[in-house]
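K.L.:
The structure under discussion is supplied below as structure tokens; questions concerning it will follow.
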Amino acid sequence: MFESGMATVNRALNELGSDVIGALADAAVDQAIVLDRYDIVQWAGPGLCRRLMASPAALEGLHINALLARFGAPADPEAQAEALSGGEVGMLRFLDDEREETAFKAVVRSIPPQSEEGRGRVIVLMDVSSIMEQLSRAERAREAIEQRLNIDIDTGLPNERKMLERLLAELRVDDAVEGQDPVGILLVEVMDYRQIVDLYGADVGSEVLQELASTMSKALPEGQFVARLKEHEFGVLFPKVTSRQALVSTAEKLTQVLSIEVPTDLGDCRVSTLIAMAEMRPGQGSPDQILNNARIAMGWRDLPRRAGQIRVYEPEMRAALEARSRTYNELYAALDNDEIEPFFQPQIRLNDRAVVGFEVLVRWRHPEQGLVPPGLFLEIAEETGLLPAIDDVVMQKAMACLGQWHGAGHTDTRISLNCTGESLRDPAYVDKLLMEMDRHSLEPRHVAIEILETVLFGDAKDTARLTLEKLQKLGFYLEIDDFGTGQASISHLINLNADAVKLDRSLVRDITEDRPSRLVVEATVALSRNLGLATLAEGAENEDQMTLLTEIGCEYAQGFGIAKPMSFEDTSAWLTAHLAAMHAVTAKTA
């Protein structure tokens, strides 16, 4: 006789390892059948008995085929025979009366157990229909999630995730092909998209996107991969670019067809686009890199943004952007490392050449590059928000230098601080000045505030204007810098009540050789005098210019003809030497 049914099944299951039945061992015991060598049922698990609504005794003695017939006719008799005869895992399906599959599907595992009285088999017959239905639902859910992950809801186009996936496939190197054509991408930016949404609403914004997606798909060859990448950005993939001109021609065609109007309750909404393009040969970069290259071209600041414009990425763009990034990082560190310092350019009174003050300029003493002029970093500092911190450092150090000069007896000198509109709109700016002056025993009359003409524009309640009025009341000297190059009107000069104007070097440069230049300077000096303003000429390069400026009536000057901008130590030495020279001239003429 066989071992007891349960012991036989357990012994057989030990041989299953990690296959499907082994993973479901507990349930498998409940669904098992023990057969003898003639496939006659010797024992049936309680789970099968319950399903067939039969007692164990009723099932014992049946042939396996007779038992299985109680589930219905086999959908595939040959498959059933194969599943029952081998040791592999098989799947049984049964038909109902209409010859359609019923919900019952069974996993079969035929196992030869050990027996004292001859060999038989154990059949594990497990209903997996519910499991398969769950798996089917899970698969459908997975497909739905995959759809949402890869498809843009507004337009029905693939999204950036799918674009990156396609780019990855196209940028792989094909060993069988040498000199593969580059992969190309066009980025189409919807200009002023946020303004469209703010003005017309989100529904119109979606209509604009849908219309653009439809128009683009129709204009391009069938099968062209088009995706919506970001809120206001589409991408078009070109797996093989035979020539840059071909890509440009496609971009030009798109700029024409994408100039559309979308009707709204507020009137037609005109839509304009800007296109950027980039290319990359397979194996030379990543999907992210080619996308970023195109976006670098799209945002390139040296090109004006115009509707219908096509921008082409060049490697120099990335190199310049990386250099700007390095400069920013190093400049940020420079503030911590005390590498920012003031330089001083002397300002003299023309009629006696006495020093009246110093314009404060900024320099960066780079540990590797040496002295860096402001033209190489101030623009980056302004764009990245570091300029106020630099201005504060320069102001504090310049105040300390002026305090030392006053302590050495040069009490008639003042410093001129360049002040941006951003600084003037800082509520703490005046307090910062006063605090530093108190620290070095200085007074407001010892500090001139230089502003550009553009700061004059704005409402009378503009914070910058109110700050200037407060500075004037406190006694600070106020100069209008680079006068003659901006758009300040006479009324602005009158209302501001400044103390002086600085004539821009472009007006001064040619006054000794060019009569129109001289006439402009003469008129400006006369106007300033009539308004009660002093004049200081920038860019005085030689004695002839300074002599002529004196004759015209200009009171003050600065420029390389007097001295270049210098460090504090060099300025102190220059000041001592200049005063000694003046004393020598005075003694000689006495």
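The values are calculated or read from the model by the stated rules, or taken from the named source; none is laboratory data. Here the structure is a predicted model, which is why all the values come from computation and not from measurement. Virtual Cβ from ideal backbone geometry, glycine too; neighbours counted across all protein chains shown. These area figures cover heavy atoms from the full protein model, side chains too; ligands, DNA and RNA do not enter into them. Shrake-Rupley method; radii C 1.70, N 1.55, O 1.52, S 1.80 Å.
K.L.:
Based only on the alpha carbon positions, what is the Kirkwood hydrodynamic radius of region 366-412, in angstrom?
P.N.:
Working: mean 1/r = 0.0792 Å⁻¹.
Radius from the Kirkwood sum: 12.6 Å.
K.L.:
About its Cα centre, what dipole magnitude does region 137-247 give when the only charges are +1 on Lys and Arg Cβ and -1 on Asp and Glu Cβ, stated in debye to the nearest 20? Each step should come with its number before you reach the end.
P.N.:
Values: 14 positive and 21 negative charges, 51 e Å.
Computed about the Cα centre, the dipole is about 240 debye.
K.L.:
Loop only by DSSP, 11 or fewer other Cβ within 10 Å of the Cβ. Give me the GluC sites (Glu not before Pro) in region 338-438 that pass, ordered by residue number. Write down the numbers at each step before the final one.
P.N.:
Numbers: sites: 339, 359, 368, 379, 382, 383, 422, 436; in loops: 339, 368.
Passing both the DSSP loop test and the Cβ count: 368.
K.L.:
Now for a separate question. Of the options 308, 347, 327, report the single residue whose Cα projects farthest towards the positive end of the charge dipole of region 283-399 (beta-carbon charges: Lys, Arg +1; Asp, Glu -1).
P.N.:
Farthest along the dipole direction, towards plus: 308.
K.L.:
Lys and Arg at +1, Asp and Glu at -1: add these up for the other residues within a Cβ distance under 9 Å of residue 475 and post the number.
P.N.:
Working: positive: 445, 473; negative: 443.
Local charge sum for residue 475: +1.
K.L.:
Now for a different question. With a cut-off of at most 16 other beta carbons within 10 Å, and DSSP calling the residue loop, which trypsin sites (Lys or Arg not before Pro) in region 165-255 qualify? Please list them. If you can, show how the numbers build up before the last one.
P.N.:
On the way: sites: 166, 172, 194, 218, 228, 230, 240, 244, 253; in loops: 172, 240.
Taking region 165-255 and a limit of 16 other Cβ atoms within 10 Å, the loop trypsin sites (Lys or Arg not before Pro) found are 172, 240.
K.L.:
If you roll a 1.4 Å probe over the heavy atoms of the protein chains, what accessible area per residue do you get for region 272-359, in Å²?
P.N.:
Solvent-accessible surface per residue comes out at 45 Å².
K.L.:
Continuing with this model, one more query. Near residue 324, within a Cβ-to-Cβ distance under 13 Å, what is the net charge of the other residues, with Lys and Arg +1 and Asp and Glu -1? All intermediate terms of the calculation are to be shown ahead of the outcome.
P.N.:
Details: positive: 301, 318, 326; negative: 302, 316, 322, 330, 379, 382, 383.
Overall, the nearby charge balance is -4.
K.L.:
A further question follows. With a cap of 12 neighbouring Cβ atoms within 10 Å, and only residues DSSP puts in a loop, list the GluC sites (Glu not before Pro) found in region 158-228.
P.N.:
Values: sites: 160, 165, 170, 178, 189, 207, 211, 222; in loops: 178, 222.
The qualifying sites are 178, 222.
K.L.:
Gain in length, residue 318 to residue 244, computed as 0.36 nm per residue apart minus the alpha-carbon separation, to one decimal in nm?
P.N.:
Numbers: separation 74, 0.36 × 74 = 26.64 nm, distance 1.89 nm.
Contour length minus the Cα-Cα distance gives 24.7 nm.
K.L.:
Here's another thing I want to ask about it. Between residue 326 and residue 404, what length comes free when the chain is fully extended (0.36 nm per residue of separation minus the Cα-Cα distance, one decimal in nm)? Let's see the in-between values first.
P.N.:
Values: separation 78, 0.36 × 78 = 28.08 nm, distance 3.56 nm.
That works out to 24.5 nm of additional length.
K.L.:
Between residue 289 and residue 141, how many nm apart are label points set 7 Å from Cα along the C-beta direction?
P.N.:
About 4.0 nm separates the two model spin labels.
K.L.:
Rounded to a whole number, what % of the accessible area of region 303-438 do carbon and sulfur atoms account for, probe 1.4 Å? Before the final figure, lay out the partial values.
P.N.:
On the way: 3280 of 6430 Å².
The value for region 303-438 is 51 percent carbon and sulfur by accessible area.
K.L.:
At 0.36 nm per residue, and after removing the present C-alpha to C-alpha distance, how many nm does the segment from residue 531 to residue 352 gain when stretched out fully?
P.N.:
Numbers: separation 179, 0.36 × 179 = 64.44 nm, distance 2.38 nm.
Stretched fully, the residue 531-residue 352 segment lengthens by 62.1 nm.
K.L.:
Tell me which residues come under 5 Å, amide H to amide H, from residue 414 once H is placed; ignore anything under 5 positions away on its chain.
P.N.:
The answer is 357, 358.
K.L.:
Please compute the per residue accessible area over region 502-578 with all protein chains in place, 1.4 Å probe, rounded to a whole number of Å².
P.N.:
Numbers: 3640 Å² over 77 residues.
Averaged over the residues of region 502-578, the accessible area is 47 Å².
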